[in-house]
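Colleague: Supplied in structure tokens, the structure appears directly below.
The values are calculated or read from the model by the stated rules, or taken from the named source; none is laboratory data. Being a predicted model, the structure only gives us computed values, none of them experimental. Using ideal geometry, Cβ is built from the backbone for each residue, glycine included, and neighbour counts are taken over all protein chains shown. Accessible surface is based on the protein model in full, side chains and every heavy atom, while ligands, DNA and RNA are left aside. Shrake-Rupley method; radii C 1.70, N 1.55, O 1.52, S 1.80 Å.
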Amino acid sequence: MTDHPTPPRSAHGWRIDPRHALIAGLLCWAGFAAMAVLMQSGRMGAFDAAGLRLWRDHADLGLPRGPGWLIEAVRDYTALGGLLLRHLFALAAVAALLFLRLRREAVLFAATVMSGWLVGSALKALFGRARPDIVPHLMAVDGASFPSGHSFNAAVVYIAMALAFAALSPHRRLRWTLIGGALLLTLLVGLSRVWLGVHFPSDVLAGWLGGAGWAFLASALLYRPAAVVAEAGT
């Protein structure tokens, strides 16, 4: 039985090719722009209303479909995109990367998360969309609705985290499994916001596209500046 040879490390290590990250980021932002145009023009009304009602009992829109324990489970899951848990995971990721002596990845990850939070907050202030009132909210919320902050920030944090740790593995299949898992996890965070009635479907789609787009763009555009900062600190 022969061992499989380890693929050679590229000039960028085993991290995602910056050209591929740039293309993925631009495609995501193009999707975000399309969602923003459709939302602003009012053409998402029927889609948004149908998406919110889909998860509710038609006889009583205050009752979600499914067993009683599902409400608590969805509230727990949606917390992955909330301020406390995502920051705890982000801090743990930075600590782990520093422990593994991956200073460049740690600096890049931290820069991606902090700049992503600023971008997401600016977009919310720019659009200022009101929260949906089609169905009762199943948890307390405040702030503007478009794009979903949970979707945007969860995508930034968890996809950037997957990109950072994927750089440890020489195996492409494992790297893309990590990134694909982060994409799915964050998409489900967005879905939980619609299920709870606190965001329109277009809010979460735009938030997810924008957050994923920022994670990929940062991987392509901020890596060299992050490397300079990391090397200056050694």
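Colleague: Going 7 Å from the Cα of L98 along its beta-carbon direction, which residues of the stretch 195-230 have the amide nitrogen within less than 18 Å of the resulting point?
Modeller: Counting only backbone N, you get 226-230.
Colleague: How big, in percent, is the set of alpha carbon pairs in the stretch 140-180 lying more than 11 Å apart?
Modeller: Of all Cα-Cα distances in the stretch 140-180, 67 percent exceed 11 Å.
Colleague: I would also like to ask the following. In sequence order, what are the phi-derived ³J(HN,Hα) couplings for the stretch 119-132 according to the Karplus relation 6.51 cos²θ - 1.76 cosθ + 1.60 with θ = phi - 60°, rounded to whole Hz, with x for glycine and proline?
Modeller: Karplus-based 3J(HN,Hα) across the stretch 119-132 equals 5, x, 5, 5, 5, 4, 5, 5, 8, x, 6, 6, 5, x Hz.
Colleague: Now for a separate question. Taking only C-alpha pairs under 8 Å that are 6+ residues apart, what is the relative contact order of the chain in percent?
Modeller: Contact order relative to length: 34 percent.
Colleague: Shifting gears a bit: In the stretch 72-185, with Lys and Arg counted as +1 and Asp and Glu as -1 at Cβ, which of these residues, A164, V119, L183, has the Cα nearest the positive end of the dipole, that is, farthest along it?
Modeller: Towards the positive end, the residue furthest out is A164.
Colleague: A further question follows. Could you compute how fast the stretch 173-222 diffuses translationally, taking Rh as the Kirkwood radius over C-alpha pairs and applying Stokes-Einstein at 37 °C with viscosity 0.692 mPa s? Give it in µm² per second.
Modeller: Calculated translational D: 279 µm²/s.
Colleague: From the backbone phi of the stretch 75-86, what are the Karplus-calculated ³J(HN,Hα) couplings (6.51 cos²θ - 1.76 cosθ + 1.60, θ = phi - 60°) in whole Hz, Gly and Pro given as x?
Modeller: 4, 5, 5, 5, 5, 4, x, x, 4, 5, 5, 5
Colleague: Find the Rg to Rh ratio for the stretch 84-167, where Rh is the Kirkwood radius over alpha-carbon pairs and Rg uses the same atoms.
Modeller: Rounded to two decimals, Rg/Rh equals 1.09.
Colleague: Still on this structure, I have one more. Give me the base-10 log of I(q)/I(0) for the chain at each q in 0.09, 0.10, 0.13 Å⁻¹, Debye formula, one uniform scatterer per Cα, rounded to two decimals.
Modeller: Log-scaled intensity ratios, in q order: -0.41, -0.50, -0.78.
Colleague: How much accessible area per residue does the chain have, in Å², with a 1.4 Å probe?
Modeller: About 52 Å² of surface per residue is accessible.
Colleague: Step by step: find N for the stretch 136-234, compute 2.2 N^0.38 Å, then divide the Cα radius of gyration by it. What's the final number?
Modeller: 1.26
Colleague: Label-point separation (nm) for R53 and A30, each offset 7 Å from Cα along Cα-to-Cβ?
Modeller: 3.4
Colleague: Return the long-range amide H neighbours of L63 (sequence gap of 5 or more, or a different chain), with a cut-off of under 5 Å between placed amide H atoms.
Modeller: Placed amide hydrogens put D57 under 5 Å from L63.
Colleague: Which whole-Hz couplings ³J(HN,Hα) result when phi for each residue of the stretch 158-169 is put into the Karplus expression 6.51 cos²θ - 1.76 cosθ + 1.60, θ = phi - 60°, listed in order with x for Gly and Pro?
Modeller: Listing the rounded values in order: 6, 6, 4, 5, 4, 4, 5, 7, 5, 5, 6, 9 Hz.
Colleague: Over the chain, with every protein chain in place, what whole percent of the accessible area is carbon and sulfur at 1.4 Å, could you tell me?
Modeller: On the chain, the fraction of accessible area on carbon and sulfur atoms equals 69 percent.
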